[in-house]
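This report concerns only the one structure given below.
The values are calculated or read from the model by the stated rules, or taken from the named source; none is laboratory data. A quick note: this is a predicted structure, and the numbers were derived from the prediction, not measured. Cβ: placed from backbone, ideal geometry, glycine included. Neighbour counts: every protein chain shown. Remember, those area values only see protein heavy atoms, side chains included, never the ligands or the DNA or RNA. Shrake-Rupley method; radii C 1.70, N 1.55, O 1.52, S 1.80 Å.
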Amino acid sequence: MLIQRAISRDPRPWRNGLGVQYEVTANGPLPDGWTWRLSTADLNQDVPFSIYEGVTREFCVAVGGGVILTLDGVAHRCGPHSVTTFDGGSSVQAAIIEGPTKDINLMVKHGSPPMHMSIHNEGESLMDVEALVALGGGAKLIVDETTVELDELDAILAARGNAIVVTSGSVVAVR
């Protein structure tokens, strides 16, 4: 198990140059040698997303009031702590609802083993997790018998064999 602090991540420009993301983890080298990757991003204004043909994307509003994703002309309201799945080849326009947000993004190349994000709250137990990211307000967890405190967007990586209990706050799990 590895604890990764959000503050330690370096900013990288989006593929389209219109935003900044922070790489959490990937199972291969960037920019294109991965089959799945996990990142966070700050949305400070309405902006189109980068196009990723051949990729399934999952999007979660970790901090903030929400985002309207317009996917190929159809609007989808993404509330705080929800997961929205869409095709990376879609035309996507993001509109922030109540000010800036911090978001979590999972990308999985088509034909790869499936990976998904799910939200877990206080009192829930988890196993077989590839990565966890704390949502707004942070989270407190027991990993095996060790208490771990995460600030918002901090992550736990390489936790596949660990038993995890969320004792406060909320997390996104990737498995």
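Rounded to the nearest whole Å², what accessible area per residue is found for segment 49-107 with the 1.4 Å probe?
Averaged over the residues of segment 49-107, the accessible area is 38 Å².
Once both labels are modelled 7 Å past Cα along the beta-carbon direction, what's the Asp10-Ile119 spacing in nm?
3.3 nm
Rounded to the nearest 0.05, what FRET efficiency is calculated for Asp32 and Ile68 with R0 set to 35 Å and r the Cβ-Cβ distance?
E between Asp32 and Ile68, to the nearest 0.05, is 0.75.
Find, among the GluC sites (Glu not before Pro) in segment 22-62, those assigned to loop by DSSP (not H, G, I, E, B) with at most 13 other beta-carbon atoms within 10 angstrom.
Hits after loop and neighbour filter: Glu53.
Looking at the P(r) of segment 30-175, how many percent of alpha-carbon pairs lie beyond 17 Å?
60 percent
Apply 1/(1 + (r/R0)^6) to the Cβ-Cβ distance of Ala75 and His110, taking R0 = 25 Å, and write down the FRET efficiency to the nearest 0.05.
After rounding, the FRET efficiency stands at 0.50.
Can you pull the percent of the chain's accessible area that's carbon plus sulfur, 1.4 Å probe, other chains left in place?
C and S atoms contribute 51 percent here.
Quote the relative contact order of the chain in percent (integer), defining contacts as alpha-carbon pairs under 8 Å separated by 6+ residues.
Taking the mean separation of contacting Cα pairs over the length of the chain, I get 23 percent.
Please sort by residue number the GluC sites (Glu not before Pro) in segment 77-126 whose DSSP state is loop and whose Cβ has at most 11 other Cβ atoms within 10 Å.
Qualifying residues, ordered by number: Glu98.
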